[in-house]
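Take a look at the structure set out below.
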């Protein structure tokens with residue numbers, strides 16, 4: 001018989017994990033590294049759910065068995081591929097019949113199987129409660145759009161510091177242009193799940209109570225995903241290492257990033273912020289785009305983004321901002337300087 005584990009025990013096991021919920025449920029949010037092996041398709045789940053409401057549990061179970069019976073051998077074959085050592089974690093939404101039935105099947109053919117008490121719903125409560133804590137030693141990397149903050153952060157991490165690329169997790173660079181060249185964004189729910197795992201791993205790697213956890217300065221939303229409010233509020237109160245780099249160098253960087261992108265995507269991004277930059281500026285930016293004058297496009301749009309960033313920065317305490325002037329757009333060198341400056345803050 002499968003053993004039921006609490007959430008801490010379940011997540012601690014380094015064992016292949018199967019999520020038996022429907023594909024739609026899995027797409028909305030799932031435990032990172034879990035593999036979806038749905039007991040019901042989206043359509044089948046709808047049928048069973050409707051029967052449960054209209055005719056009761058027994059009728060729903062019979063229909064469910066009709067759906068599942070023909071799939072059982074395939075479930076076992078796929079489970080062997082996922083877990084050749086024949087040890088599995090299995091969960092559904094509430095830790096009820098779906099995970100129990102699949103665990104019984106896998107146990108019958110020789111797997112050692114563990115299920116999650118109260119299922120994915122319990123996991124989500126665990127994740128949300130995790131974000132309510134006070135996170136230690138946050139250090140924010142700030143700077144105007146085009147400063148290369150993400151590349152600098154990656155270099156900071158490559159040089160042995162602990163940090164998380166929030167934009168990488170969100171598949172978005174934060175601005176109206178931020179989705180260009182990126183994979184589809186996760187749901188906010190899945191973003192939280194991935195961030196939870198990243199924070200667990202990163203915080204556990206801090207070498208001392210005085211080590212920093214580096215995060216890039218972000219708005220509450222990164223594209224269509226949202227940072228947990230408590231974490232974001234703490235980020236607003238944390239010290240900032242602010243990269244100061246000339247507008248010309250920022251324009252050069254943005255041109256390199258976006259000049260080879262689909263013009264229709266760039267045009268759509270400009271139109272999304274047309275009201276914010278003003279109709280005349282938007283018209284000028286679109287004309288510059290049509291003429292391949294990408295530097296002018298960047299110059300025009302930066303007027304808006306610089307004002308917005310300055311406004312947001314003014315909400316911080318001035319004494320919490322540590323300016324780092326740089327004269328060359330070299331993320332590796334800037335990362336080294338940022339790390340040295342951070343040492344003086346400990």
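The values are calculated or read from the model by the stated rules, or taken from the named source; none is laboratory data. Note that this is a predicted model, so its numbers are computed, not measured. Here the Cβ is made from the backbone with ideal geometry for all residues, glycine too, and neighbour counts use every protein chain on show.
Of all the helices (runs of 4 or more DSSP H) wholly in segment 67-163, which have at least 3 residues that are modelled with pLDDT of 95 or more and either over 24 Å from residue 312 (Cα atoms) or assigned by TED's automatic domain parsing to the domain that holds residue 337 (or both)?
72-82, 119-130, 149-158
Here is a list: 141, 116. Which entry is surrounded by 24 or more Cβ atoms within 10 Å (Cβ to Cβ) and under 17 Å from residue 89 (Cβ atoms)?
So the residue among 141, 116 that is surrounded by 24 or more Cβ atoms within 10 Å (Cβ to Cβ) and under 17 Å from residue 89 (Cβ atoms) is 116.
Can we say residue 282 is over 29 Å from residue 319 (Cα atoms), surrounded by 18 or more Cβ atoms within 10 Å (Cβ to Cβ) and modelled with pLDDT under 95?
So residue 282 fits the description; yes.
Yes or no: residue 212 touching a residue at least 60 places away in the same chain (Cβ under 8 Å) and closer than 26 Å to residue 315 by Cα?
Yes.
Just one of 302, 345, 341, 286 is touching a helix residue (DSSP H, G or I) at 6+ places or on another chain (Cβ under 7 Å) and either more than 28 Å from residue 265 (Cα to Cα) or in contact (Cβ under 8 Å) with a residue 24 or more places away in the chain (or both); which is it?
After applying the criteria, what remains is 302.
Taking segment 325-336 only, how many residues are more than 28 Å from the chain's Cα centre (by Cα) and either part of a helix (DSSP H, G or I) or surrounded by 14 or more Cβ atoms within 10 Å (Cβ to Cβ) (or both)?
Residues that pass the stated criteria total 1.
For residues in segment 31-50 being farther than 19 Å from residue 100 by Cβ and touching a residue at least 12 places away in the same chain (Cβ under 8 Å), which is surrounded by the most Cβ atoms within 10 Å (Cβ to Cβ)?
Among residues in segment 31-50 that are farther than 19 Å from residue 100 by Cβ and touching a residue at least 12 places away in the same chain (Cβ under 8 Å), the one surrounded by the most Cβ atoms within 10 Å (Cβ to Cβ) is 47.
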